[in-house]
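Below is one structure; the comments refer to it alone.
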Amino acid sequence: MRAAVFHRSGLPLSIESIADPEPSPTDMILKVCACGICGTDLHWSEVNNAESGWRDINPGAVMGHEFAGEIVELGTEVGSDWKVGDRVCAMPQIGCGHCSDCLAGRPHRCYKVLNRASPGHPGAYAEYTRVGANETFKLPDNISFQEGALVEPLAVGLHAVKRACLKVGDNILIIGAGPVGLSIALWCKFFGARHIIVSDLVKARADEAARFGATAAIDASEENVPERFLRLSGSHPSVVFDAVGIAGSMQLAINYAPNYTRVVVVGLCMVSDSFQPTTAVIKEVDISFCFCYDRSDFAMTLDMLAQNRIDAIGLVSESVNLENFPRAFEELKKPSNQIKVMLEPF
């Protein structure tokens with residue numbers, strides 16, 4: 001099959017022919033119909049492994065973990081619930097299926113977890129990919145493959161809002177108008193936040209947030225964010241989300257937070273960072289960290305999309321084929337108006 005292969009930081013991904021994936025007894029093979037480019041992969045491909053604080057990415061790896069597709073092959077022990085031709089999306093990890101974390105719907109915590117881009121386990125920047133039957137969800141007929149690929153980042157946003165213990169009527173500041181920040185805005189609206197204000201250094205990206213539930217946007221390159229938030233909402237934020245994930249963004253969230261605020265760190269910073277504990281201590285802010293999601297987040301996201309109770313297809317700003325994928329991937333490493341670029345291999 002063809003895939004976008006990583007070789008080393010500083011080099012574009014390379015479209016190459018690699019071995020087709022093969023299913024273990026409880027796995028299935030998907031024809032990838034849509035796969036989103038995630039900011040985590042962009043950062044991951046740029047940092048030195050020894051400095052990342054994240055698992056290594058090795059030469060020959062294939063990334064891609066936001067995907068949907070069609071089942072083309074079943075493992076020998078896959079149950080009768082599944083058949084070739086089913087349209088599905090899947091959690092990107094494959095767990096053992098038996099440990100307490102797998103049974104709780106958290107395969108990313110499984111002690112035997114198989115992650116995308118691990119040796120021998122290509123991700124979905126490819127024509128085909130392997131998934132675990134336990135981690136897979138059927139797409140309702142009214143859900144497109146692109147929407148199916150959006151379930152993963154939307155589940156991240158849902159999990160972050162749950163971690164924030166959001167209350168009806170809360171005022172929300174979201175730092176970062178990328179796909180995760182916009183997903184958070186969408187779910188904050190869903191759960192009844194009053195003011196949902198998104199800040200970004202790229203004004204056009206911040207302005208896009210209104211399409212996903214934000215009540216206002218702040219151009220962080222020109223405006224004092226806390227002062228502008230106060231003028232827009234008439235009050236201070238109840239929750240501040242760091243949806244950026246670069247060195248310094250957590251400190252920025254703490255600086256923006258008023259006394260007794262909840263700060264939720266969602267962006268995955270892959271380099272060493274530091275923050276000033278004194279500021280957080282004096283303000284008595286509650287800091288929570290959010291990683292990934294669980295099966296219930298995936299299931300609820302898919303259900304709300306199917307019922308048209310959330311609308312996220314506007315997150316997709318461009319679709320590309322495999323030939324143009326390395327260019328699109330590199331361009332996303334620079335500031336732009338893009339939100340979610342989607343690979344469609346076929």
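The values are calculated or read from the model by the stated rules, or taken from the named source; none is laboratory data. Please read all numbers here as calculations on a predicted model, not as lab measurements. Virtual Cβ from ideal backbone geometry, glycine too; neighbours counted across all protein chains shown. To get the accessible areas, we keep the full protein, side chains included, count just its heavy atoms, and leave off ligands, DNA and RNA. Shrake-Rupley method; radii C 1.70, N 1.55, O 1.52, S 1.80 Å.
Worth pointing out:
- In this structure, the amide hydrogen of residue 196, modeled 1.01 Å from its nitrogen in the peptide plane, lies closer than 5 angstrom to those of 172, 215, 216, counting only residues at least 5 positions away or on a different chain.
- The packing ranking of peptides 158-165, 237-244, 136-143, highest mean first, is 237-244, 158-165, 136-143, where packing means the average number of other beta carbon atoms within 10 angstrom of each residue.
- Global form of the stretch 73-162, assessed from the alpha-carbon gyration tensor, a/c cut-off 1.5: rounded
- Pairs with C-alpha atoms separated by more than 25 Å, drawn from the list 162/340; 167/340; 203/340; 112/167, are 167/340; 112/167.
- Set of the stretch 82-106 residues, backbone N closer than 18 Å to the point 7 Å along the Cα-Cβ line of residue 346: 83-90
- Taking packing as the residue-averaged number of other Cβ atoms within 10 angstrom, the listed peptides 201-210, 249-258 run from highest to lowest as 249-258, 201-210.
- Probe 1.4 Å, accessible area per residue of the stretch 194-269, Å²: 43
- The distance separating the Cα centre of the stretch 159-218 from that of the stretch 1-39 comes to 32 Å.
- The order of the peptides 6-15, 84-93, 174-183 by mean Cβ neighbours within 10 Å, most packed first, is 174-183, 84-93, 6-15.
- The stretch between residue 2 and residue 14, if pulled fully straight at 0.36 nm per residue, gains 3.3 nm over its current Cα-Cα span.
- Accessible surface of the stretch 169-231, 1.4 Å probe, proportion on carbon and sulfur as whole %: 49
- Radius 14 Å from Cβ of residue 179, net charge of other residues (Lys, Arg +1; Asp, Glu -1): -4
- In plain terms, the chain from residue 138 to residue 224 could stretch by 26.4 nm, reckoned as 0.36 nm per residue minus the Cα-Cα distance.
- Amide H contacts under 5 Å for residue 128, placed H, 5+ residues apart: 32
- Note on the stretch 7-127: dipole from Cβ charges, positive end direction compared against 65, 35, 85; the farthest Cα belongs to 65.
- Each DSSP beta bridge with both residues in the chain is either parallel or antiparallel, and the antiparallel ones are about 55%.
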